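Peer 1: Before anything else, here's the structure in question.
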Amino acid sequence: MFEKIVLATDLSPAWNEIVACAGEFKALGCKQVILTYVISVKFMAGMEGILQSSARPKLEAQQQQLEAQGLRVTIEIPMGLPGDSLNEIACRYGADLIVVGSHGQSLWREGVLGCFTCAVLHNAQYPVLLLNVRLKMPGHPGSCQISGAEVLRHVLFPTDFSAISSRALEYVDRLAAKGLSQVTVLNALDVPGGDAYPPEFQEMAEAKARESLDAWAERLKSVAIPQVHSIFDAGRPLPAILRILESQNISLIVMGTQGKGFIKEIFLGSVAHNVSRLAACPVLLIPPESR
């Protein structure tokens, strides 16, 4: 499924934690890793060679760790904008996934969408996996959240039934073959009101949403996922997602990066920042196929 993965390391202690257990990606089909460190600098012409030489020994140390876990590893040190550079590397190698991790005390609570990660998400042409890695204390070993079995334990799949959500659904289907145990499908309708809409509009929209939700749940059951649950929420998407994250032990969120309302609200504007900051689990983001 994800045979070739671009690991976008920043060479921080948190990335050492990711590298230390990256062999778990083999449970998702990974055989080859393109270990990539993007050097993004402005007004520093002529410094490229110095910066690359400084980064290479650290990259080679991470490469040795990855190879010891049975992965084929290639090192890339591109210069340029993060999003563009990672897309170019992924395209050149025919990668299936870009992995972006954390650094500092907590990726989600202290700044998940910093300039690097934000640039990657807004420009991604390939699926992006955001990893949450917590360090016990600065400079001390922490706990990596990569575990093939754990990630596939319980997936939350928010959808608005748009084309991009359909594409994300295909990835959930494919995870079933890797041992996905449980899926919760969520739709938050948040129907607008007011005089511009007929009195029965909300009831009709809700009935249509529930019908679609049931159909998507049945599709997931058809690919032999042991447990499939569907949840309809009449409120706004961000609180709906947070309620599920608080009440259920979600191991992975899978969702599209654009949509016709539900997903669009999440990923265009401040809600995108808040969802990622507040999610304690990894998030797999699926971009539009047209990108």
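Peer 1: Could you run through segment 245-274 and say how many residues are open to solvent by 10 Å² or more (accessible area, probe 1.4 Å) and either under 16 Å from Leu131 (Cβ atoms) or modelled with pLDDT of 85 or more (or both)?
Peer 2: Selection size over segment 245-274: 6.
Peer 1: Are there any strands (runs of 3 or more DSSP E) wholly within segment 9-117 with 2 or more residues that are within 17 Å of Leu129 (Cα to Cα) and either open to solvent by less than 30 Å² (accessible area, probe 1.4 Å) or at pLDDT 90 or above (or both), and if so which?
Peer 2: 32-36, 97-100
Peer 1: Using the structure shown, decide if Asp190 is open to solvent by less than 50 Å² (accessible area, probe 1.4 Å) and of a type in the set (Asp, Glu).
Peer 2: Here the answer is no, as Asp190 does not meet what is asked.
Peer 1: Given (1) farther than 19 Å from Glu3 by Cβ; (2) more than 18 Å from the chain's Cα centre (by Cα), identify the lone condition not met by Arg92.
Peer 2: (1)
Peer 1: Follow-up question, since we're still on this one. Count, please, the residues in segment 4-27 that happen to be within 19 Å of Gly70 (Cβ to Cβ) and touching a strand residue (DSSP E or B) at 6+ places or on another chain (Cβ under 8 Å).
Peer 2: Of the residues in that region, 10 qualify.
Peer 1: Under 7 Å between Cβ atoms, which residue pairs at least 6 apart in sequence (or on different chains) link something in segment 63-88 that is on the phi > 0 side of the Ramachandran plot with a partner that is in a helix (DSSP H, G or I) and open to solvent by 40 Å² or more (accessible area, probe 1.4 Å)?
Peer 2: Taking only residues 6 or more apart or on different chains, the pairs are Gly70/Lys26.
Peer 1: Let me ask something else. Quick check: is even one residue across segment 279-291 open to solvent by 80 Å² or more (accessible area, probe 1.4 Å), farther than 30 Å from Gln202 by Cβ, of a type in the set (Gly, Ala, Ser) and at pLDDT below 90?
Peer 2: Taking every residue of segment 279-291 in turn, at least one turns out to be open to solvent by 80 Å² or more (accessible area, probe 1.4 Å), farther than 30 Å from Gln202 by Cβ, of a type in the set (Gly, Ala, Ser) and at pLDDT below 90.
Peer 1: If you take the residues of segment 148-164 that are surrounded by fewer than 23 Cβ atoms within 10 Å (Cβ to Cβ) and assigned to a helix (DSSP H, G or I), which of them is modelled with the highest pLDDT?
Peer 2: Ala163
Peer 1: Further question: Under 8 Å between Cβ atoms, which residue pairs at least 6 apart in sequence (or on different chains) link something in segment 211-239 that is free of Cβ contacts under 8 Å to residues at least 40 places away in the same chain and farther than 15 Å from Tyr171 by Cα with a partner that is of a type in the set (A, V, I, L, M, F, W, C) and open to solvent by 60 Å² or more (accessible area, probe 1.4 Å)?
Peer 2: Final answer for the pair search is none.
Peer 1: In this structure, does Ala168 turn out to be open to solvent by less than 10 Å² (accessible area, probe 1.4 Å), in contact with a Phe, Trp or Tyr (Cβ under 6 Å, 6 or more places away or on another chain), part of a helix (DSSP H, G or I) and at pLDDT 60 or above?
Peer 2: No.
The values are calculated or read from the model by the stated rules, or taken from the named source; none is laboratory data. None of these values were measured; they are calculated from a predicted model. Because the Cβ atoms are built from the backbone with ideal geometry, glycine has one as well, and the counts that use them run over all protein chains shown. We work out accessible area using only protein heavy atoms, side chains counted, and drop any ligands, DNA or RNA first. Shrake-Rupley method; radii C 1.70, N 1.55, O 1.52, S 1.80 Å.
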